[in-house]
Structures are given as structure tokens and as C-alpha cells.
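Scroll down for the structure; my scribbles are underneath it.
The values are calculated or read from the model by the stated rules, or taken from the named source; none is laboratory data. Bear in mind the structure is a predicted one, so any value in this text is a computation, not a measurement. Here the Cβ is made from the backbone with ideal geometry for all residues, glycine too, and neighbour counts use every protein chain on show.
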Amino acid sequence: MDSKALSLAMPGIDDTLGRPAEYGLGWPRVSISERDPEKSEPLVAIRTGMAVNISCRPEWIDRVRTLAEELHPDLLFSPLGCYDLSRITLTVPARNSPEQGTGVWGPIPSYVADRSMWSPVNDNRPELLSNNQFGDVDFEIFWHCASSNVLTAFGVYDETELQALATVVDHGNDIWEIGVDVLQAARGNQLGSAVVSAAGNWVLDNGHLVYANAAAWNVPSSRNLRALGMEYACSGLVGLPAPFQQPPQPLGAPIPGAKMENRYPNWAMNGGIEDRAST
């Protein structure tokens with residue numbers, strides 16, 4: 001783990017947990033605390049190296065602690081860990097949580113950059129969106145982008161149709177987060193790099209840190225952030241209202257044109273997964 005990236009992210013990690021994290025832990029020791037019921041997410045877990053910090057509802061603490069001390073961090077911060085944590089959070093009612101229960105989503109790798117790390121692309125396609133343009137954005141399409149409390153947004157248009165969007169949100173502690181989406185039909189044209197680069201330049205010009213998440217299965221986004229100079233700081237798990245959220249297969253390819261096939265036949269596809277509902 002890059003120590004500079006972690007040091008930049010520490011204030012944000014502590015704020016997310018709702019308390020100072022313990023960064024010197026070695027598994028099987030974990031740090032777990034009762035979560036403020038005012039926090040919208042009933043469970044948050046952060047991994048930095050081998051240190052695991054968890055904040056969750058008091059009803060779950062004992063069982064979550066037992067699981068976290070049994071599962072190596074490599075397993076806890078994996079689909080297995082999300083499933084096993086969700087066996088707790090979906091079946092044990094928690095005060096101030098949705099009646100339908102809570103599922104655990106992740107792991108979510110987080111990336112950060114300051115000016116010395118940032119490596120933007122030279123691309124003049126993105127434009128700063130006006131209030132009217134932002135008001136016309138369809139957030140069922142650009143659903144990885146923030147729709148409220150947005151500081152600014154950059155987009156790329158094909159004539160009048162929005163092709164790519166990046167939004168910036170202030171999370172406090174100098175951390176301004178970028179969310180990005182590209183129309184499926186427009187992918188492969190480096191539009192994601194272009195809008196993230198424009199948004200990151202704007203963040204740094206305003207004296208703050210560039211922050212973004214890209215799930216490990218989202219290979220193109222992860223490559224994009226790293227190519228722009230962002231470095232891995234930590235990995236997270238978060239409790240979300242049920243139903244349990246299932247990640248897709250990995251996106252992208254190892255190299256352009258690489259032949260890919262499913263290692264397993266159709267019987268290995270999870271037939272219990274429903275299509276994502278409209279939001």
C-alpha cells in the first residue's frame with residue numbers, strides 16, 4: 001500500500017467510520033465500534049493493509065467481530081465476506097435500519113491523488129456543464145454520478161446528446177469525490193479519462209484532493225484512475241438497504257482483442273439474481 005495515498009485519505013477514513021481508525025492493527029485483531037445511528041449507512045468496514053476497522057449497529061457487533069476475527073482480510077473484503085456479513089445484517093433487525101434489512105456491498109477500492117501525483121490527459125472535449133445542462137441529465141443512465149450537492153460537472157456531448165459525465169462532490173476533509181459514467185455505446189473512446197481528468201484538474205485548482213472509487217471488477221475504470229496518477233488508499237464495505245446487491249462479471253479485457261470465455265458453464269451462473277430495478 002502506498003503510504004502517501006493512505007496518509008492523504010486518513011481524515012476521510014476517520015470521518016467515514018465516525019471515529020479515529022486504528023491503522024497499526026494486525027489480523028486477527030480488528031477494531032470494531034458502535035455506529036452512530038444518525039449515519040445513513042448502518043455498517044462501514046475499512047481495510048488498510050492488514051488493519052480492519054468496522055463501525056456497525058450495536059445489534060451486530062458481537063457476530064460481526066467473531067466473523068472478522070475468523071476471516072482473513074483477503075476473504076472478509078471479498079464476495080465471500082459480503083455474503084457472510086449479510087447473513088448477519090439481513091437476519092438480525094437493527095434499530096434505525098430499513099425494515100427489509102441490510103445487505104453488505106463491496107469491496108470498494110478507493111483512490112486518491114494530490115497535485116504531485118496527478119497525471120491528466122490533454123483532451124479538450126469535456127465542457128463545464130451549465131445549470132440548465134445539468135438539469136437535463138438523466139440519472140437513470142448516469143447513475144454513478146451524483147445528482148445533488150454537486151459542486152461542478154464536466155461532460156462530453158455528441159452534438160446534443162450527453163456521452164460522458166463526471167461530477168464533483170465535497171466529502172469534507174479536503175476530499176472532493178469524482179463520480180463518472182459513460183454511455184455504453186460511447187465506450188472505447190477515452191471519454192472516461194477525459195471527463196475525470198477535467199474534473200480532477202478543477203478539484204486540484206481549487207486546492208483539494210482528488211478522490212474516486214472503482215470496484216475491482218470494473219477493470220476499465222480502475223485502469224483509468226491509475227493512469228491519471230491516482231493511487232490506492234484503502235478498501236471498503238458498506239451496508240445498503242436490501243435487496244442484497246450483486247456485482248457483475250469483470251468488465252473489459254486484459255488486452256485489446258483478447259479472446260475471453262466463461263470458465264464455467266451456464267449452471268454456474270446465479271439464477272437467483274434479478275435485474276436491477278429502475279431508480
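Points to keep in mind about this one:
- Of the criteria (1) of a type in the set (A, V, I, L, M, F, W, C); (2) touching a residue at least 12 places away in the same chain (Cβ under 8 Å); (3) within 25 Å of residue 217 (Cα to Cα), which one residue 185 fails: (2)
- Single match in 135, 155 (criterion: in the same structural domain as residue 215 (by TED's automatic domain parsing) and more than 23 Å from residue 211 (Cβ to Cβ)): 135
Conditions (1) farther than 23 Å from residue 47 by Cβ; (2) surrounded by fewer than 15 Cβ atoms within 10 Å (Cβ to Cβ), marked per residue:
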residue: 215; (1), (2): no, no
residue: 219; (1), (2): no, no
residue: 225; (1), (2): no, no
residue: 232; (1), (2): no, no
residue: 246; (1), (2): no, no
residue: 251; (1), (2): no, yes
residue: 254; (1), (2): yes, yes
residue: 259; (1), (2): yes, yes
residue: 264; (1), (2): yes, yes
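- Scanning the range 25-45 for residues that are touching a strand residue (DSSP E or B) at 6+ places or on another chain (Cβ under 7 Å) and either modelled with pLDDT under 95 or over 14 Å from residue 171 (Cβ atoms) (or both) yields a count of 11.
- Among the residues of the range 15-32, the one identified as without any contact (Cβ under 8 Å) to a residue 24 or more places away in the chain and crowded, with 16+ Cβ neighbours inside 10 Å is 31.
- Residue satisfying all of: in the range 33-65; of a type in the set (Val, Ile, Thr) and without any contact (Cβ under 8 Å) to a residue 40 or more places away in the chain; farthest from residue 89 (Cα to Cα) among these: 52
- When residue 81 is tested against (1) within 16 Å of residue 17 (Cβ to Cβ); (2) touching a helix residue (DSSP H, G or I) at 6+ places or on another chain (Cβ under 7 Å), just one condition goes unmet, and that condition is (1).
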